[in-house]
Amino acid sequence: ACAHRLAEQGYKVVAVGRDRPGRAESIVRDLQEKSPEGSSLQHEFRACDAFSLASVKATAEDIAKDHDSVDALVMTQGMATVQSFTPT
């Protein structure tokens, strides 16, 4: 929901998360559909394993290399719970 709102407001969104076949394309397509009409923004998806510090570091470095600035960082990664694990 946060990413959709940012796309609607004209921000370029770089979504980061675990990838499954077709998921990255679906997320980017959804973000493009939420963007203002006529927008030339190209949203992105970057695969990253948040349980691996090396993966998080590499993803952050790649984003910093490919973009001049980051206007906002929204972290919604759920990693632990005392109740149970729910695959996503």
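Things worth noting here:
- When residues of the range 41-86 are limited to those that are open to solvent by 100 Å² or more (accessible area, probe 1.4 Å), in a loop (DSSP other than H, G, I, E, B) and of a type outside the set (A, V, I, L, M, F, W, C), the one modelled with the lowest pLDDT: GLN83
- For the range 12-24, the set of residues classified as in contact (Cβ under 8 Å) with a residue 12 or more places away in the chain and over 16 Å from MET75 (Cβ atoms) consists of LYS12, ASP19, ARG23, ALA24, listed by residue number.
- Residue identified as surrounded by 14 or more Cβ atoms within 10 Å (Cβ to Cβ), aliphatic (A, V, I, L, M) and farther than 19 Å from ASP71 by Cα among ALA24, ALA15, ALA7, ALA3: ALA24
Here's the yes/no breakdown for (1) of a type in the set (Asp, Glu); (2) over 10 Å from the mean Cα position of the chain (by Cα):
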residue: GLY10; (1), (2): no, yes
residue: VAL13; (1), (2): no, no
residue: ARG18; (1), (2): no, no
residue: SER26; (1), (2): no, yes
residue: LEU41; (1), (2): no, yes
residue: GLU61; (1), (2): yes, yes
residue: ASP68; (1), (2): yes, yes
residue: MET75; (1), (2): no, no
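The values are calculated or read from the model by the stated rules, or taken from the named source; none is laboratory data. None of the values given here were measured: they were computed from a predicted structure. Ideal geometry is used to build each Cβ from the backbone, glycine not excepted, and the neighbour counts take in all protein chains shown. Surface areas here come from the heavy atoms of the whole protein model, side chains and all, with no ligands, DNA or RNA. Shrake-Rupley method; radii C 1.70, N 1.55, O 1.52, S 1.80 Å.
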